[in-house]
Each structure stands twice: as C-alpha cells, then as structure tokens.
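The values are calculated or read from the model by the stated rules, or taken from the named source; none is laboratory data. Being a predicted model, the structure only gives us computed values, none of them experimental. All Cβ positions, even for glycine, are placed from backbone atoms using ideal geometry, and neighbour counts span all protein chains on display. The area values use the complete protein model at the heavy-atom level, side chains included, leaving out ligands, DNA and RNA. Shrake-Rupley method; radii C 1.70, N 1.55, O 1.52, S 1.80 Å.
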Amino acid sequence: MSTQSDPTLIRVYPARLSFPHLFKPRSFMGAADAEAYYSADLLIPKDAKDAFLAINNAAKAAVERAVATKFNGKMPSLPSLQKPWSDGDAKDPDTDEYFKLGSEYRGVIVLKTKSKTRPQVLTRSREPAVEEDVWPGQEVHALVRFNAYSFGGKKGVTAYLNAILLTGRGERFDGRVDAVDAFAGVEDDFGGSSSANDGWADDELLGNAA
C-alpha cells in the first residue's frame, strides 16, 4: 500500500527477510573500492496480490516521475526496464536448475532492496532493534521507495529500503535456534562443579591424563 501522498513510497507486507545487512553496509561487487550498501532481499509469497499491485504501481509512478529528467521526455516501455524483483522459481533453461537455490525461494517473488544510509529497524514493540533481533526468515513490514534511473545505457527501477518493522515471527533460514527457547526449562543452578567426575574427565579430554 502507498503511504501518504507519495505513490513511490509503499509498505510491503507480507515479506520475509533474506540476506539482511541492516546494521553494517556491504559491497555488492566484492571489490574493496566498490560502494557499500545496507540491503535485504524481501521474499513475498506469490499469492500476495495486493503487495504485487502496490509494488507495480510504485515502480510505474517512479518511472513516470522521471520521464522529464531521465528519459528525455519519453515514457520508456516498462517491460524493457531492469527491475529489482525476480521470480524465485525461475530456472536456467540449459540445466533446468533453479537460479536461486534453497526451499525458501520456492513460491515467492524476490524484491532486492538497498540503501546508502542505515534504514530504521524497529522491533514489534516499536523500539529500536539491535543486530541480534534480526534473522533471515523473519517476517517483516518494509517501507520501500522506488526510484527510476538511466545511465550507461541502462534503464530501470531501484527499490530503496527506508525502514523495517520486525514481527518476531518466522522460521530461521539458517537453522540456528534461539537461545532463550533452547535453554527453556534448564534449572537455574550454576553453583560449583560436579563432584561426580573429580576433574578427571577434563584432564583426559585435554590429553593430560596420566
């Protein structure tokens, strides 16, 4: 859905985070002198029709806004433009293998977003988030602005990430387990070492056994 009076700025939901770099920028090109960006891929279920309509309308509005300044007064053909989204189910026609590996990419559209400045990241309670609050696979609301470009013979649309609202929901893609859940039910007793092994097991493991 578009926000306020700017048709190029929308809230994208539902979406899940993939490759989130929201607190430290990274270079897309891998070169030391390449410009670094904050970034995240947003995985949007293909049945989220309202989200796709909002994305398409915002991208179109960005192109229309740039007709005079970047496209010499002529509206370019939308299919000819490079776009920041792709089909997670797309396959290489030569090998019939998915371009994007991983079950998380099945049945979704991938919206690539970036920002030169650090996007605002909020927890579910609207408090500023820390890096540990963010994980790949988490469901989010994302505030994204679309902008058209034309340089070096390339024309297209970029999705700039403005802000993220974390929900705290969603299975992690990286398989890590939340420590709070992992240690739930562990007795709060950390007093002293067990007398059952008398230290011999530690010595043996370290190769100090007689």
Practice prompt. Count, please, the residues in the range 34-47 that happen to be surrounded by fewer than 14 Cβ atoms within 10 Å (Cβ to Cβ) and among the acidic types (Asp, Glu).
Written response: 2
Worksheet, complete the sentence: Taking the range 32-70 and the residues there that are part of a loop (DSSP other than H, G, I, E, B) and at pLDDT 95 or above, the one that is nearest to residue 153 (Cα to Cα) would be 66
Worksheet item: residue 17 fails exactly one of the following numbered conditions: (1) touching an Asp or Glu at 6+ places or on another chain (Cβ under 8 Å); (2) open to solvent by 40 Å² or more (accessible area, probe 1.4 Å). What is the number of that condition?
Response: (2)
Practice prompt. Quick one: count up the residues across the range 79-93 that are open to solvent by 60 Å² or more (accessible area, probe 1.4 Å) and hydrophobic (A, V, I, L, M, F, W, C).
Written response: 1
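Under the condition of being in contact (Cβ under 8 Å) with a residue 40 or more places away in the chain and open to solvent by 30 Å² or more (accessible area, probe 1.4 Å), which residue from the range 48-75 is nearest to residue 100 (Cα to Cα)?
52
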Practice prompt. Mind counting the residues in the range 137-169 that are open to solvent by 30 Å² or more (accessible area, probe 1.4 Å) and either on the phi < 0 side of the Ramachandran plot or touching a strand residue (DSSP E or B) at 6+ places or on another chain (Cβ under 9 Å) (or both)?
Written response: 15
Fill in: Subset of the range 94-136 that is open to solvent by 80 Å² or more (accessible area, probe 1.4 Å) and basic (Lys, Arg) - its residue that is farthest from the chain's Cα centre (by Cα)
126
Item to complete: Answer yes or no: is there a residue in the range 174-188 that is modelled with pLDDT of 95 or more and part of a loop (DSSP other than H, G, I, E, B).
Response: no
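State whether one or more residues within the range 144-154 are more than 20 Å from residue 115 (Cα to Cα) and of a type outside the set (S, T, N, Q). Even if it seems obvious, please write down each step before you answer.
First, pick out the residues of the range 144-154 that are more than 20 Å from residue 115 (Cα to Cα): 152-153.
In the following step, the residues that additionally are of a type outside the set (S, T, N, Q) were identified as 152-153.
Looking through the range 144-154, at least one residue is more than 20 Å from residue 115 (Cα to Cα) and of a type outside the set (S, T, N, Q).
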